[in-house]
Every structure is written in C-alpha cells, then in structure tokens.
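Let me begin by presenting the structure, written as structure tokens, before commenting on it.
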Amino acid sequence: MTDLRPTILFIGTSLVVATVVASMLVSGWRAGSLDNDVEWLFWAGAILGAIGVGCFAAAVARPREGLIRAGLLLFAAAPVLCVTAVIADYWI
C-alpha cells in the first residue's frame with residue numbers, strides 16, 4: 001500500500017495557495033504596493049511556498065521523507081516571510 005501522506009499534503013497545500021492567491025486577486029491587493037525595501041521579502045516567501053508545494057508534488061511521484069520534511073519547512077517559512085514583509089511595510 002502506498003503512503004498517502006505526500007498526496008494529502010500536496011492537495012492541502014495546493015488548496016491553501018489557491019485560496020490565498022484568489023483572495024488577494026479579488027481584493028485588489030498586489031505585492032507591487034509594498035515598499036521596494038521589503039517587496040523582495042514577500043517574493044522570497046512566495047517562491048519558498050511554491051518550492052514547498054513542489055517538494056510535495058515530487059514526493060507524490062517518489063515518496064521520500066526528506067522531500068516531505070523540506071516541503072513542510074519551506075511551506076511553513078513562506079507565510080512568515082510574507083507577513084513579515086507586510087508588517088515591515090506598514091512600519092516603513
């Protein structure tokens with residue numbers, strides 16, 4: 001029997017990303033509205049989140065504990081960077 005954990009993580013994180021991106025687009029918020037000094041931090045978080053989801057997708061094809069752990073770490077770090085960028089933009 002195959003391990004369903006990577007599949008569940010991939011589907012779950014994909015739904016989270018789709019919901020967040022759709023919410024941002026519907027609300028009219030754009031990352032370009034951030035100050036240039038912190039916009040890079042937001043994009044770094046977005047890229048880490050995408051790589052995290054990619055790790056889960058790769059783990060679906062070939063389950064490896066290292067891919068799952070890397071995906072969890074990257075996907076957890078992504079919102080920290082994005083929210084830090086938004087808060088830092090408020091204080092600049």
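Here, each number is a calculation from the coordinates, and none is a lab measurement. Since the model is a prediction, treat every value here as computed from it, not as a measurement. For neighbour counting, all protein chains shown are included, and Cβ atoms are generated from backbone atoms with ideal geometry for every residue, glycine included.
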Q: Consider the candidate values (1) 17.0, 54; (2) 14.8, 53; (3) 35.4, 106; state which one is Rg and Dmax of the Cα atoms in Å computed from the structure displayed.
A: (2)
Q. With each label point set 7 Å from Cα along the Cα-Cβ vector, what nm distance links residue 25 and residue 50?
A. 1.4
Q. Rg (Å, one decimal) plus Dmax (Å, integer) for the alpha carbons of region 1-41?
A. 15.5, 50
Q. Label residue 64 and residue 43 with points 7 Å out from Cα along Cα→Cβ: what is the distance between them in nm?
A. 2.9
